[in-house]
Each structure stands twice: as structure tokens, then as C-alpha cells.
1. Compute the long axis of helix 2-15 from its Cα atoms, compare it with the longest principal axis of the Cα atoms of the chain, and write down the angle in degrees, 0 to 90, nearest 10.
2. Which distance in Å, rounded to a whole number, links the C-alpha centroids of region 130-153 and region 1-25?
3. Quick one: dipole size for the chain, taken about the Cα centre, charges +1 on Lys/Arg Cβ and -1 on Asp/Glu Cβ, in debye to the nearest 20.
4. Enter the mean projected area of the convex hull around the alpha-carbon atoms of region 123-233, in nm², rounded to one decimal.
5. Could you tell me how many degrees, from 0 to 90 and to the nearest 10, lie between the Cα long axis of helix 83-93 and the main elongation axis, the longest principal axis, of the Cα atoms of the chain?
6. Sort the following peptides by mean Cβ neighbour count (other Cβ atoms within 10 Å, averaged over residues), highest first: 223-230, 61-68.
7. Which of these, 94, 78, 159, has the largest mean-square fluctuation under a Gaussian network model of the chain (Cα springs below 10 Å)?
8. Once the Cβ-Cβ distance between residue 100 and residue 142 is put in as r, and R0 is 35 Å, what FRET efficiency do you end up with, to the nearest 0.05?
Amino acid sequence: MNGILKLGQRFYSAFFADNRYLAYLEGVKNTLIISLFAVLLGVLIGVLVAVVKYVAKENKNPLLGLLDRFCGLYVTVIRATPVYLQIFIIANLIFTARDMELYAAITCFGINSGAYVSEIIRAGIESIDRGQFEAGQSLGLSHGTIMKSIILPQAVKNILPALGNEFITLIKETAVAGAIAVTDVTKAAQYIGSRTWDVLPPLFIAAGIYLVIVLGLTRLLNIFERRLAASDHH
């Protein structure tokens with residue numbers, strides 16, 4: 001019984017004492033802000049990269065070929081290097097001013113996510129029957145119009161579940177943002193552990209917070225996928 005009371009006291013001290021729950025709330029807010037804006041930036045970069053690579057394959061323009069090689073290099077470098085290293089490079093190369101850590105984190109995770117999103121979108125584009133591209137060409141439509149009006153709307157519908165999973169993955173990856181002094185959920189737990197001299201309860205609380213966020217988003221994603229599948233049958 002004493003052991004249970006002592007354990008409860010440890011968790012109380014790690015969460016409620018001195019309003020420490022406010023630090024976790026601040027961490028949740030920053031984690032969600034970074035994840036949301038990073039995934040938006042990642043989708044923007046991913047669409048541009050995927051479209052360039054697809055159009056370059058269809059059109060043998062030298063400029064498009066150069067852009068295609070640059071995009072290929074970007075995807076290779078980002079996917080082959082750890083995000084932990086990338087965030088230090090971006091923070092020290094671009095966002096060197098004070099209080100810019102949050103922007104550095106958003107930029108880093110956005111650029112990192114863009115490399116993976118581009119492959120998701122490219123697969124979505126290639127899943128569309130090539131006959132639709134050729135039909136657009138037979139109607140005299142430009143490559144840009146075909147992509148914007150015919151190919152991308154269908155591809156996006158196919159890849160939305162994968163983009164949702166990318167967002168969930170990104171939330172967990174933001175745990176490394178604390179490396180550049182961003183107060184995310186993990187950093188908040190580390191800070192509280194240093195104040196209480198009891199590191200495990202804050203870490204377990206942080207793990208529980210991530211679990212709740214991820215399970216909640218997974219649930220919403222499953223509901224969305226079911227509704228998307230139901231709309232396909234009508």
C-alpha cells in the first residue's frame with residue numbers, strides 16, 4: 001500500500017505540483033503547431049517535387065531534366081540523413097537569431113516530410129491510368145492543365161490515408177525538436193524531471209500524452225477512410 005501511495009505521489013509531483021501540467025500543455029501546443037505547419041509545408045514541397053518528376057518523364061525538356069535531377073538529389077539526401085542532424089544544420093545555418101527555434105523546427109520537419117510526401121504523391125500519380133493523361137493530350141490540354149484538373153484530384157483522393165499516417169508519424173518525430181530548445185512534450189518532461197529529480201514519471205506522462213494524441217488521430221483517420229470508401233460506392 002505504501003508503495004502505491006509513493007508511486008501516486010511521484011506522479012502527482014510530476015504533473016500537478018507547482019502547476020507542472022502547464023508545461024505539458026505548452027509542449028502539446030508546440031508539438032501540434034510544428035506537426036501541422038510542417039505537414040502543410042511537406043505537402044507543398046512533395047506536390048512540387050512529384051509533379052516535376054512526373055512531367056520531366058513525359059517531357060524531355062532540358063530544364064525539366066535538370067529540375068528532375070535536383071529533386072532526386074533532394075529526396076535522396078533527406079531520406080539518407082537523420083532528422084536529428086538536419087534540425088541542427090537548419091537551426092545553425094538559417095535560423096541563427098534568438099527565439100527562432102520553433103520556425104527552425106517547422107522548416108526542418110517540413111523539408112524532411114516533403115521528401116517522403118513526394119514519394120507518396122508520385123505513387124498516387126502513377127496509380128492513375130495513363131490513358132487519362134493521353135485523353136487530356138488528345139483534347140489539346142497542356143501538361144499543367146492535365147495535372148491540375150485530371151491527374152492530381154484523383155491522386156490526392158488515393159493518397160489521403162497515407163498523408164494522414166505521415167502526419168501521425170511526424171507528431172512522434174517532433175520529439176527531437178527539444179534538441180534545439182523547443183519546448184515540445186518530450187522537452188517538457190525532461191525539464192520537469194530535472195526539477196523533481198525523478199525522471200521516470202514525467203517520461204511516462206509524456207509517453208501517455210503521445211499515445212492519446214496518436215490514438216485519437218488514428219481513430220479520426222479510420223473514420224475518414226471509411227467515409228471515403230463509402231463515397232466511392234455511391
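1. Roughly 60 degrees between the two axes.
2. Using only Cα atoms to place each centre, the spacing works out to 60 Å.
3. So the dipole magnitude of the chain works out to roughly 180 debye.
4. About 9.7 nm², averaged over all directions.
5. 90
6. 61-68, 223-230
7. Top of the fluctuation ranking is 94.
8. 0.30
Just so you know, all these numbers are worked out from the coordinates, no wet-lab data involved. Values in this document were obtained by computation on a predicted structure and should not be read as measured data. All Cβ positions, even for glycine, are placed from backbone atoms using ideal geometry, and neighbour counts span all protein chains on display.
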